[in-house]
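Since every read-out is calculated from the coordinates, none of them should be taken as a lab result. All values derive from a computational prediction rather than experimental measurement. Positions of Cβ are backbone-derived with ideal geometry, glycine not excepted, and every protein chain shown enters the neighbour counts.
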Ligand SMILES: [Zn+2]
């Protein structure tokens, strides 16, 4: 199956649009290849492919200019998707994805490693996938951040809970930062996460931190490390490096033990909820019931404000809003 796409399409004369389309094609082909090469139950594989494709098509559709699948997917790819996931080719216009494409890929990678995934395995795997997703012609990190990382998260975070004074430790849970281009797209994914996807306590904790109200108190001790994909100064070799938490994460999760520790001066230009920590802690609370029960639900709940911003942002795009927000279910 060719992943060349339709590079001759007339709308695609803008360099940013070209890069977006190339990144999308690369992301879709790398994910398809990864699913094929790894032994995954047929149903699971289908579920991940559909969810990933839907999220990518949604992002291109709400882009300005809006890009439809037939405008960039090769005929072979289109035919493949028509046969295997025809509903996706309709629902990207009317249904919201629950998470960005890279979070879906990360989830897939973590699943591959079974019940006890470790940082190194996940990072090595992601590293290879990220490399495969780079568009040829990339020569340095700055160019990559401008073009090629439209669908890839630079930061991945990992957390676990360890019960005080005991040997009890949960497995590790992972999350990715919000990866997409454009202010509207980024806000849409953060708001969808706050309204629908994340564990409600994490979602409300994120919103409260952004308004300066009651913060989320997790039981002692939750440990968290985030890794950022970097290229070293001396050469362009890409690698992951553990990084300190940003001030936004310190607001949201005041009692998490971060490693490495926070820096005294650190400015965050992004909004609360953009960081990988939110997804990883949400995954931790969703899976560990006892831990969840020990977390007090913050009393103020401003999720309705996020829903309003979400609708407002979608109204600025070609997305077809119905009376209720509908989310895509790949099952
Ligand atoms: Zn952060």
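Points worth noting:
- Most fluctuating residue given options 277, 37, 288, as computed from a GNM of the chain linking Cα atoms under 10 Å: 37
- Convex hull volume of the Cα atoms of the stretch 216-318, normalised per residue: 172 Å³.
- Between 60, 129, 263, the Gaussian network model of the chain with springs among Cα atoms under 10 angstrom shows the greatest mean-square fluctuation at 263.
- When 16, 112 are sorted by how many other C-beta atoms sit within 10 angstrom of their C-beta, beginning with the fewest, the order is 16, 112.
- Helix 119-133 vs. the chain, principal-axis angle (Cα, 0 to 90°, nearest 10): 20 degrees
- Inverse mean reciprocal Cα-Cα distance (Kirkwood Rh) of the stretch 1-131, Å: 15.5 Å
- Degrees, to the nearest 10: 200-211 long Cα axis against longest axis of the chain: 90 degrees
- Cα shape, the stretch 166-218, gyration tensor, a/c 1.5 rule: oblate
- Across 186, 309, 293, mean-square fluctuation computed from a Gaussian network of the chain (C-alpha pairs under 10 Å connected) peaks at 293.
- Per the Cα gyration tensor, the chain maps to an equivalent ellipsoid with semi-axes of 32, 23, 20 Å, ordered largest to smallest.
- Cα long-axis angle, helix 276-287 against the chain (0 to 90 degrees, to the nearest 10): 70 degrees
- Per-residue [θ]222 nm for the chain (sum of -39500 (n - 2.57) over DSSP H runs n ≥ 4, rounded to 500): -13500 deg cm²/dmol
- Relative contact order of the chain: 21 percent, from C-alpha pairs under 8 Å at least 6 residues apart in sequence.
- The fewest-to-most ranking of 61, 221 by surrounding Cβ atoms within 10 Å reads 221, 61.
- Inter-centroid distance (Cα atoms) of the stretch 269-297 relative to the stretch 15-69, Å: 26 Å
- Among 168, 81, a tally of other beta-carbon atoms within 10 Å of each Cβ gives an order, fewest to most, of 168, 81.
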